[in-house]
Amino acid sequence: AQQNLNGISSHIMQKIRSEALDFAGSTVMADRGIIRKGLFHALQNTLDTTDRSEILFETFATSIDTEQRRVVLDNGREVSYDLLVVADGIHSPTANELNIPALAARKYAHYDAFKIINLPPLPAPHNEPLRMHSFSTRHRRQPDWTDVYQRKVFFSLFPRKDGTYAAILRFPLHDGKNPRGITTSEELKELVLQMRPSNETLADVYSQYLSSALTEEKLEACLDMEPRAFWSTKRKSIVDADKGIALIGDAAIGFPSALGQGTARGFEDVTHLVECLKRAETLAGGGEGAREMIARGLTLYEPEVKRERMAMHDVTI
């Protein structure tokens, strides 16, 4: 198992490093698309071709018959299943399409909102090293709040491989459409320029850069843009044992994306699921069919995972 894990890790890093930003050979910065491609590449290269495993890329399920346990793909192919594992993220269109009341999600807005501004590269000679730079300032309207994130406005620069930056303006959701209720481009620019970067040695560099990069056009577009919220979700149930359905990761209990917990929780959930299915097989002692054994495994899986996930979720909102 460890040898297989090492192989997967090697394949992932090889793929990610080929497309991501490389910092001195020790740290990489990659967006979700690059990371997912790395994971798929690793799965494809470690697949045991002697078993019945199959990975389908660029393939979509057009319908799911939960009574007959059959999935119809967009190429017309029909696939039967005993266990359907749903892992398609916090908004989980699959879980919604199943229309099973117990799996219905309740959405919660996190206390932060954010906007994205596309900015040009840093002018030479200050275009290296490429790093993420964060700026922050206290939220003056609510000095009595105890949560530091609810007192601050953040401005972070995420570098892209072409040298440009994605600037993330993050602020309390309670502020409304814009941080601190500001309405003019002059106020927004002043707010950003009064922030101090996490790396103080670059304060002068970034002050000059942002003064020119934050043009009137970009600032006005940011002000007009509707903010995006960090969403989380909870469900009454994360399995339907009778129909052989299990939700994992953010599809089960969704955490705000800023916490970066979705993929990690997915790996943990599937580990719990496999262990619960093994326990169910042991308890059955060969006296149950596959679907009965899976139903037993799902009843073991749900309370173990749901209890921990619910507690973690409630702490984040």
Checklist line | lysines with Cα under 17 Å of residue 306, excluding same-chain neighbours fewer than 8 positions away | finding: 107, 234, 236
Next item on the list: Among the lysines, select those whose C-alpha is under 18 Å from the C-alpha of residue 161, and discard any that sit fewer than 8 residues away in the same chain.
Entry: 15, 37
Check: So who's got an amide H within less than 5 Å of the one on residue 231, skipping anything under 5 residues away but keeping other chains? H placed 1.01 Å off N, in plane.
Finding: 110, 257
Next item on the list: Determine the relative contact order of region 50-112: mean sequence separation of Cα pairs under 8 Å and six or more apart, normalised by residue count, in whole percent.
Entry: 17
Item checked: Amide H contacts under 5 Å for residue 245, placed H, 5+ residues apart -> 84, 240
Checklist line | Cα centre as origin, Lys/Arg/Asp/Glu Cβ charges: region 182-223 dipole, Debye | finding: 160
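Once R0 is set to 35 Å, what does the formula 1/(1 + (r/R0)^6) return for the Cβ-Cβ distance between residue 267 and residue 205, expressed as a FRET efficiency to the nearest 0.05?
Efficiency at R0 = 35 Å is approximately 0.35.
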Margin query: Using each residue's phi in region 165-174, evaluate 6.51 cos²θ - 1.76 cosθ + 1.60 at θ = phi - 60° and report the 3J(HN,Hα) Karplus result to the nearest Hz, with x for Gly and Pro.
Written below: 10, 9, 8, 9, 9, 10, 8, x, 4, 5
Notebook entry, point to check: Can you give the accessible area per residue of region 211-317, in Å², using a 1.4 Å probe?
Noted result: 48
Check: Taking R0 as 30 Å, what's the FRET efficiency between residue 97 and residue 184 from their Cβ-Cβ distance, rounded to 0.05?
Finding: 0.10
Notebook entry, point to check: Label-point separation (nm) for residue 81 and residue 116, each offset 7 Å from Cα along Cα-to-Cβ?
Noted result: 2.9
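The values are calculated or read from the model by the stated rules, or taken from the named source; none is laboratory data. Just so you know, these numbers come straight off a predicted model, no measurement behind them. Cβ: placed from backbone, ideal geometry, glycine included. Neighbour counts: every protein chain shown. Ligands, DNA and RNA are excluded from the accessible area calculation, which covers all protein heavy atoms including side chains. Shrake-Rupley method; radii C 1.70, N 1.55, O 1.52, S 1.80 Å.
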